[in-house]
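Below: the structure, in structure tokens.
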Amino acid sequence: MKPIAETLSALRGQLIPVLDIREPEQAAAVAGVLAGAGATVLELTLRSPQAWRCLDAIRDAYPELVVGVGSVLEESQLRQAAQRKLPFAVSPGLSEQLVRSAQAMHMPLIPGVATASEVLNARLLGLRLVKLFPAELLGGIALLRALAGPLADMQFFPSGGINESNYRDYLAQANVFCVGASWLAPASDIEQSDRDAIRRRAEGAYGSC
């Protein structure tokens, strides 16, 4: 089994589409558009009853993609992620119970944080990578720079409110490990099968990374 730090290294420096897909038939098609534009890592949120089937469809069609799950709220979801040997799981908040469960399963978990206290608690639990969520509402780049001093060994996966006008500024921060990109394939475009719009955004973003 790979060390967790090695597993998460695939995320370093990546612009990661955060996807909310409701139908398995759409999943592989959207993943194909994103992969064709340059995406190598995807996060599929567990916001739909069909999410696990969507994830399996993506992995079957594009085994070369690194695909993790987001919106993890319960230990049972972590267990399913571990059983599928997923490379990472993301939670919107920090729960010691979830972190301990993930560690026991050797499942790489990136919990969400919103304050310096939560970052410190994550550090004391042995983590060095956390999700800053919702990044822009919390202060965005100004907050990341403020945290860099007292918590210099912590790395962040900012997500929430990031878009085509500011993602480069986030990626330029020394303590940013990777960036969530929900705007690349919004649920509205997925539901309407507007893959041309997804392709244009993705090609623009990955072409300038």
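The values are calculated or read from the model by the stated rules, or taken from the named source; none is laboratory data. Only a predicted model underlies this, so the values are computations on that prediction, with no experimental measurement involved. Glycine gets a Cβ as well: all are built from the backbone with ideal geometry, and neighbour counts include every protein chain shown. We work out accessible area using only protein heavy atoms, side chains counted, and drop any ligands, DNA or RNA first. Shrake-Rupley method; radii C 1.70, N 1.55, O 1.52, S 1.80 Å.
Table for the structure above
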read-out: For the range 82-99, 3J(HN,Hα) per residue [Karplus equation, 6.51 cos²θ - 1.76 cosθ + 1.60, θ = phi - 60°, Hz, x = Gly/Pro]; value: 5, 5, 7, 6, 5, x, 6, 9, 10, 10, x, x, 9, 10, 4, 4, 5, 4
read-out: Cα-projected label distance for ARG100 with GLU64, points at 7 Å along beta-carbon direction, nm; value: 4.3
read-out: Gain upon complete extension [GLU164, LEU120; 0.36 nm per residue less C-alpha separation]; value: 12.8 nm
read-out: Heavy atoms of TYR62 accessible to a 1.4 Å probe, total area in Å² rounded to 10; value: 60
read-out: In sequence order, calculated HN-Hα J values of the range 186-197 (Karplus, 6.51, -1.76, 1.60; Hz; x Gly/Pro); value: x, 4, 4, 5, 5, 5, 8, 6, 8, 6, 5, 5
read-out: Gyration tensor over alpha-carbon atoms, the range 1-96, equivalent ellipsoid semi-axes in Å; value: 19, 17, 12
read-out: Solvent-accessible area, 1.4 Å probe, carbon plus sulfur percent, for the range 110-209; value: 50
read-out: Over 26 Å [Cα-Cα, the chain], rounded percent; value: 29
read-out: Loop-located GluC sites (Glu not before Pro) in the range 1-67 whose Cβ has at most 13 other Cβ within 10 Å (DSSP); value: GLU64
read-out: Gap separating the Cα centres of the range 90-107 and the range 111-148, nearest whole Å; value: 16
